[in-house]
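J.: Supplied in structure tokens, the structure appears directly below.
No value in this document is a laboratory result; all are computed from the given coordinates. Remember, predicted model here, so these are calculated numbers, not experimental data. Cβ atoms come from the backbone with ideal geometry, glycine included; neighbour counts cover every protein chain shown.
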Amino acid sequence: MADLDAILSGNLAEVEERIWAACARAERDRSEVTLVAVTKYVSTEVARGLLRHGVTDLGESRPQELWKKAAAIPEAKWHLVGHLQRNKVERTLPLVQLIHSVDSIRLLEALEAEAAKQQRTVEVLLELNLSGEEAKHGFRPGGNEIETLPATLSRLQHVRVIGLMTMAALEENSERSRPAFTRLREFREKMAGMGFGACRHLSMGMSNDFEVAIEEGATLVRIGTALFRGLEGVP
Ligand SMILES: *Cc1c(COP(=O)(O)O)cnc(C)c1O
């Protein structure tokens, strides 16, 4: 535990310092950026360790893993950051603070139906595929689904779309992620222009590119590896 806490606090201090520096460069307030610690590489015990160091928001990319860890650590605010299959909506809804990765109209509609059934509202982000990679999930700008989004969004009563998310292509040089982040910000402005004013969040930036993302306006950064460096099993 002593070792674990020392490693976590060291990594966290370093990440925090980089977040502060990026905020300063962009003349943004630190409070505008929420650190979501993505715990997919580590055990429940390690994830819980983060709470001892003041992290409140935890994320998982796989629903089953989120179910497991959220049951063990209900005091955290849980974020689902990866693909959600429709047959996993029912179990996921009661556990999450925010779903970052809504990538189809069908999923939006499944969430609306299930949230109505459970008599709750759920906050979500729309995932955009801006890198054009086939393997990635997300709405594609210029795609058919994007066209019908405004009509779908205006029908939702239990799902609140509060922002957008993207995953940049993995690049050695983080500057190469910047155009995707800029595009996400511009897309949010376009949505605001269409009357979706509540669409305020931008979830973008991971261990390798979160500073650039903050400079481009990220309000949620999803960081895994950089927080867990030095622990067993972490890439
Ligand atoms: C794993 C993951 C992250 C964190 O990635 P790191 O490079 O480890 O910081 C962020 N977002 C999503 C969607 C992920 O799956």
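J.: According to a simple spin-label model (label point 7 Å from Cα along Cα-to-Cβ), what is the distance in nm between Glu171 and Asn87?
T.: 3.9
J.: Among Lys40, Lys69, rank each residue by its count of other Cβ atoms within 10 Å, from fewest to most, as a rough exposure measure.
T.: Least crowded to most crowded, the residues run Lys40, Lys69.
J.: Just want the answer: with Cβ charges of +1 for Lys and Arg and -1 for Asp and Glu, which residue in Val161, Ala110, Leu35 is farthest toward the dipole's positive end in the chain?
T.: Value computed over the given set: Ala110.
J.: Only four residue types carry charge here, +1 at the Cβ of Lys and Arg and -1 at the Cβ of Asp and Glu. Report the dipole size of the chain about the Cα centre in Debye, rounded to the nearest 20.
T.: 700
J.: While we're here: Go ahead and estimate [θ] at 222 nm for the chain from helices alone: -39,500 (n - 2.57) per DSSP H run with n ≥ 4, summed, over the residue count, rounded to 500.
T.: -12500 deg cm²/dmol
J.: Continuing with this model, one more query. For helix 2-25, what angle does its Cα long axis make with the longest principal axis of the chain, in degrees from 0 to 90 and rounded to 10?
T.: Long axis of 2-25 versus the principal axis of the chain: about 50 degrees.
J.: Could I ask something else about it? Give me the distance in nm between label points sitting 7 Å out from Cα along the Cα-to-Cβ direction at Lys68 and Ser43, one decimal.
T.: Output for this residue pair reads 1.2 nm.
J.: By how many nm would the segment from Val234 to Arg160 lengthen if fully extended, with 0.36 nm per residue of separation less the alpha-carbon distance?
T.: Working it through step by step, the gained length comes to 23.2 nm.
J.: Skipping prolines and chain starts, which residues have an amide H placed within reach, meaning under 5 Å, of the one on Phe139, given they are 5 or more residues away or on another chain?
T.: Counting only residues 5 or more places away or on other chains, the set is Glu127, Leu128, Asn129.
J.: As a quick test, which of the pairs Lys77/Lys190; Lys40/Lys190; Lys68/Lys136 have an alpha carbon distance above 31 angstrom in this structure?
T.: Among Lys77/Lys190; Lys40/Lys190; Lys68/Lys136, the Cα-Cα distance tops 31 Å for Lys40/Lys190.
J.: Based on Cα positions only, what radius of gyration and what Dmax would you give for the chain, in angstroms?
T.: Gyration radius and largest Cα-Cα distance of the chain: 17.3, 53 Å.
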